[in-house]
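The values are calculated or read from the model by the stated rules, or taken from the named source; none is laboratory data. The shown structure was predicted, so the numbers you read here are calculated from the model rather than taken from an experiment. With ideal geometry, Cβ positions are generated from the backbone for all residues, glycine too; neighbour counts draw on all protein chains shown. Accessible surface is based on the protein model in full, side chains and every heavy atom, while ligands, DNA and RNA are left aside. Shrake-Rupley method; radii C 1.70, N 1.55, O 1.52, S 1.80 Å.
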Amino acid sequence: MHLLLTKNVRDVQRRPLRTVLTMIGVILGVAGVVAISFAGRNLAAAEQDTYASTRQPDITAYVSAAPANILSLLSQRPGIVAVDSRAIQITRATTGSGWVNTRLVGVDDFSNMPLDTVQLVSGHYPGPGEIAFDASARKLTSIRIGDLVALQATANQPITYAHVSGFVRAPATIDASILDEATAFMPAHDVRVLLGSSSNNYLMIRVADPARASQIATTVKQLLSERGIATGSMTVKSPTNFTGSAELATLLLLLQVFSVVGAILSSFLVANTVAAIMVEETRQIGLIKALGGSRWQAMQPYLTFALMLGVTGSVLGWVAGLGGGELLTRYLAGLSGLTLPPFTLAPREFLLALGVGVAVTLTSSLLPAWSATRQRVSRLLANVGVVADFNRGITQWLTARVSRAGALVTMGLRNVTRRPVRAAITLTVVAVAVAAFVSTQAVNRSVSITVNHLYALYDAQGFVLFGQPMGLDFGSVLDQTPGVIAAEPWGNVTGSIGSTQSDVWGMPANTSIYTPRLVAGTWLTQSNPIAAVLTTNVAQAVGASVGDVTTLDIGTHSTLVTVVGIVNDASTYLGATTTGKVFLQISDLQRIVGLSGTATLFALKLQATAPAAVDQELNAVEARFRQYAPVTLPMYQDQESSRRAIDILTVMLDAMVTIVSLVGLAGIVNTLLINLTERRREYGVLRALGASGWQLMRLVLTEALGLTVLGFALGILIGYPLARWLVAITGEQLFQLEFHLGALTVLLTFVVALAATAAVSTVPGLVAGRLRPIQVLRYE
């Protein structure tokens, strides 16, 4: 054993750069797998800890009033363990450097928050005339403790002021930079004054058994209705399904795929290195077998070397993976408003690191070691001298076509196939790296374009929400406002067909603002039972087709509807927990929910499209109808929020594919260094004949670019189906995606691959250029 270790240490010292590159590949492969496993485990623990420590509600709803006697009554209902209420006002805030959309939350007693506990980060909780912002608001505005903040519900409402008392962490709240909306807290009394109400308007309930939350929500809604308290849709939350959970799960799934790809690439890198060592030590293997050694004894030194790489790479990769996983967890938890549990070590990550590292190195070493030691002793000990391995049929025929480019270019291209097995391994590494890059670009592009197309279905630049019901024909009045092209009454509630919960949208049958993409049937028509149009994902989930009659449940109301059409509309919103949409005529929806002939929400098609101009025209709407307490919502803000979520996905995938690409580049450099070691005498002869260092660098660079071009072609063949698969699983996790992989993306990949290869090839090129003929020709 001592002799084996001594030999392996000497092997490492003989080719330090090659060993380091191989070790880096193993470390990156192990670190990627460990980081994703660590992040997944800790994010799951963060969701559980957030639900428990901040006492997240299981049921929430906006209500017309939530007086203390109602809270007391609800808390006595079976199955309910805690009830709380808040006063919520959508407003905007500024310290003088521009308005920031703000969700203002009023809390009755900051020292006693039964549900949705807000954690203080700095300063103190707000008192009368004070306000505390969620810490992420500092990404939108340069606000500080002590600043005087102006608050205004709409552009035409009075301005009130409050001093910033501190910063808090709002649990389970998406980062302000993604939503483009800050969250702030004030005493509930101050918010109720802004609302013009004597009681809170947001109800929160925690139940003993989350599985019964939907049933309890229906009971609560009915009880409130009997007491004349109007309620919006009851939102039932799952303890394991926070806002953004689906997006996080999708991101981790994609990262896990690429971490496995990185581990596979590492195995090819190790196989290439061991194969090179076996070639260099052919005579030593022959001597071992000639002295009576078995094949296992001949293989043992090289498998031990691989095991050393595996164990060392596992430990270092485990450490790097824990560090990367902790950073990834903190980043994603911060964006999701989750409470991070303390850093903990688990056997799972260490065993995973050891298993991946050792499995990668030993498995990838077995084949080259077995192949080398199976040869006869006479062949292993034979001194074959110089082999004319350039004359290889198709290789010579192909490279003859580029001979006019010069002898060095021709030699470099022919060098690509001088070691077919090594070339095949290197091409596979390059191809997988290219495939990973292409597939990530396809996912990013598919998500981005799909979102753009989905938003294009809605030709509304904004919405206006009134504080009181308006007649369905009020749209014709809104039409008269300068800048408004069309206004339509719309409605939105949450409903379900069977166990499938969906968003239910009401709109005019002759809508000019929404463009349905019909897959089957027709758009909304008059029918009995009520006509409904389903999106494809809802139709698939409930097994419905055109002509079917089904039951639609909205709150406590159950209504028979006829499916008259199916549309392709997978648009959703960040943190959505519903499946698709059900479209009804606005008059039908409002009649079902008890608001017959009225609407509070109107979609607006404006002349303006630029954000600043849209804001100006929406302000004009607020000014003209200020007596109805309107609140306007620009569409571009929602679209920008979706883009920011996409940007996070893009950044994380690009980071992971960069790691994969680094392993691929390490594979190219490793191959070039191995080839350079074997061909030292050839380079020495070329230097002796007058070749310059630059010419030898051109020779090495040509070989590297030849490997890259062939690997790129193979990578495209692998990358296209991989991209299709990744887009499909992303669509299953989020919403149905259109597949997009443009020629420009492929061209960009090719250019990046060539540029990266040229950059990393300079190291072996410089090594070749610095060889001294007198030393090289004495080699061996």
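Of all the residues in the stretch 302-315, those that are open to solvent by less than 10 Å² (accessible area, probe 1.4 Å) and over 19 Å from residue 663 (Cα atoms) number 2.
Restricting attention to the stretch 316-343, which residues are open to solvent by 60 Å² or more (accessible area, probe 1.4 Å) and either part of a helix (DSSP H, G or I) or not hydrophobic (A, V, I, L, M, F, W, C) (or both)? Within the stretch 316-343, 316, 319, 327, 330, 331, 342 meet the criteria. Condition (residue is more than 20 Å from residue 222 (Cβ to Cβ), at pLDDT below 90 and open to solvent by less than 30 Å² (accessible area, probe 1.4 Å)) applied to the stretch 545-566: is it met by at least one residue? No, the stretch 545-566 contains no residue that is more than 20 Å from residue 222 (Cβ to Cβ), at pLDDT below 90 and open to solvent by less than 30 Å² (accessible area, probe 1.4 Å).
Matching residues to (1) crowded, with 16+ Cβ neighbours inside 10 Å; (2) at pLDDT 85 or above; (3) farther than 30 Å from residue 647 by Cα:
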position	(1), (2), (3)
205	yes, yes, yes
209	no, yes, yes
219	yes, yes, yes
222	no, no, yes
227	no, no, yes
230	no, no, yes
247	yes, no, no
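Remark: pairs (first residue in the stretch 155-174, free of Cβ contacts under 8 Å to residues at least 24 places away in the same chain and assigned to a loop (DSSP other than H, G, I, E, B); second residue of a type outside the set (Val, Ile, Thr) and crowded, with 17+ Cβ neighbours inside 10 Å; Cβ separation under 9 Å; 6+ apart in sequence or on different chains) = 158/152; 159/151; 159/152. With respect to the conditions (1) under 24 Å from residue 622 (Cα atoms); (2) in contact with a helix residue (DSSP H, G or I) (Cβ under 6 Å, 6 or more places away or on another chain), residue 91 lacks only one, and its number is (2). Tallying residues that are at pLDDT below 90, more than 34 Å from the chain's Cα centre (by Cα) and either closer than 19 Å to residue 579 by Cα or among the hydroxyl-bearing types (Ser, Thr, Tyr) (or both) within the stretch 513-544 yields 2. For the stretch 580-605, filtered to residues that are in contact with a Leu (Cβ under 9 Å, 6 or more places away or on another chain) and hydroxyl-bearing (Ser, Thr, Tyr), the residue that is surrounded by the fewest Cβ atoms within 10 Å (Cβ to Cβ) is 598. Filtered by the rule that a residue be surrounded by 22 or more Cβ atoms within 10 Å (Cβ to Cβ) and either of a type in the set (S, T, N, Q) or touching a helix residue (DSSP H, G or I) at 6+ places or on another chain (Cβ under 8 Å) (or both), the stretch 185-200 gives a lone residue, 200.
Annotation: of all residues in the stretch 606-659 being of a type in the set (Ser, Thr, Tyr) and in a helix (DSSP H, G or I), the one that is surrounded by the most Cβ atoms within 10 Å (Cβ to Cβ) is 642. In the stretch 133-183, which residues are under 16 Å from residue 101 (Cβ atoms), of a type outside the set (Gly, Ala, Ser) and more than 23 Å from the chain's Cα centre (by Cα)? Across the stretch 133-183, the qualifying residues are 133, 134, 138, 141, 143, 149, 151, 152, 154, 157, 159, 183. Would you confirm whether or not the stretch 672-679 contains a residue that is at pLDDT below 75, of a type in the set (S, T, N, Q) and either open to solvent by 10 Å² or more (accessible area, probe 1.4 Å) or not in a loop (DSSP other than H, G, I, E, B) (or both)? The answer is yes, given that some residue of the stretch 672-679 is at pLDDT below 75, of a type in the set (S, T, N, Q) and either open to solvent by 10 Å² or more (accessible area, probe 1.4 Å) or not in a loop (DSSP other than H, G, I, E, B) (or both). Within the stretch 322-364, restricting attention to residues that are farther than 30 Å from residue 303 by Cα and among the polar types (S, T, N, Q), the residue that is farthest from the chain's Cα centre (by Cα) is 344. Considering (1) modelled with pLDDT of 85 or more; (2) in contact with an Asp or Glu (Cβ under 7 Å, 6 or more places away or on another chain); (3) open to solvent by 20 Å² or more (accessible area, probe 1.4 Å), the lone condition that residue 182 does not fulfil carries the number (3). When the stretch 278-288 is filtered for residues that are among the aliphatic types (A, V, I, L, M) and either modelled with pLDDT under 70 or surrounded by fewer than 23 Cβ atoms within 10 Å (Cβ to Cβ) (or both), the ones remaining, listed by number, are 278, 279, 287, 288.
In the set (1) closer than 16 Å to residue 210 by Cα; (2) outside any loop (DSSP other than H, G, I, E, B), the condition left unmet by residue 55 is number (2). With respect to the conditions (1) in contact with a Pro (Cβ under 8 Å, 6 or more places away or on another chain); (2) under 25 Å from residue 468 (Cβ atoms); (3) open to solvent by 20 Å² or more (accessible area, probe 1.4 Å), residue 523 lacks only one, and its number is (2). Inside the stretch 330-351, residues that are touching a residue at least 40 places away in the same chain (Cβ under 8 Å) and closer than 18 Å to residue 31 by Cβ make up a count of 4. Among residues that are of a type in the set (Ser, Thr, Tyr) and under 23 Å from residue 639 (Cα atoms), residue 446 is included. Among residues belonging to the stretch 72-94 that are surrounded by 14 or more Cβ atoms within 10 Å (Cβ to Cβ) and free of Cβ contacts under 8 Å to residues at least 60 places away in the same chain, point out the one that is farthest from residue 192 (Cα to Cα). Here the answer is 75. If you go through the stretch 581-595 and keep only what is modelled with pLDDT of 85 or more and either touching a Pro at 6+ places or on another chain (Cβ under 7 Å) or not basic (Lys, Arg) (or both), you end up with 582, 583, 584, 585, 586, 587, 588, 589, 590, 592.
Taking the condition in contact (Cβ under 8 Å) with a residue 40 or more places away in the chain and farther than 30 Å from residue 551 by Cβ, does residue 485 pass?
For residue 485, the condition - in contact (Cβ under 8 Å) with a residue 40 or more places away in the chain and farther than 30 Å from residue 551 by Cβ - is met.
Hey, can you tell me all the residues within the stretch 15-65 that are basic (Lys, Arg) and either at positive phi or open to solvent by less than 10 Å² (accessible area, probe 1.4 Å) (or both)? 55 - this is the single residue of the stretch 15-65 that is basic (Lys, Arg) and either at positive phi or open to solvent by less than 10 Å² (accessible area, probe 1.4 Å) (or both). Taken over the stretch 118-169, the criterion of being of a type in the set (Gly, Ala, Ser), open to solvent by 20 Å² or more (accessible area, probe 1.4 Å) and within 19 Å of residue 339 (Cα to Cα) is satisfied by 122, 135. Considering only residues in the stretch 478-492 that are surrounded by fewer than 19 Cβ atoms within 10 Å (Cβ to Cβ) and assigned to a strand (DSSP E or B), the one that is nearest to the chain's Cα centre (by Cα) turns out to be 492. Scanning the stretch 185-196 for residues that are at pLDDT 85 or above and in contact with a strand residue (DSSP E or B) (Cβ under 7 Å, 6 or more places away or on another chain) gives 185, 186, 187, 188, 190, 191, 192, 194.
Considering the stretch 96-109, and only residues there that are in contact (Cβ under 8 Å) with a residue 60 or more places away in the chain and either assigned to a loop (DSSP other than H, G, I, E, B) or not hydrophobic (A, V, I, L, M, F, W, C) (or both), the residue that is surrounded by the most Cβ atoms within 10 Å (Cβ to Cβ) turns out to be 102.
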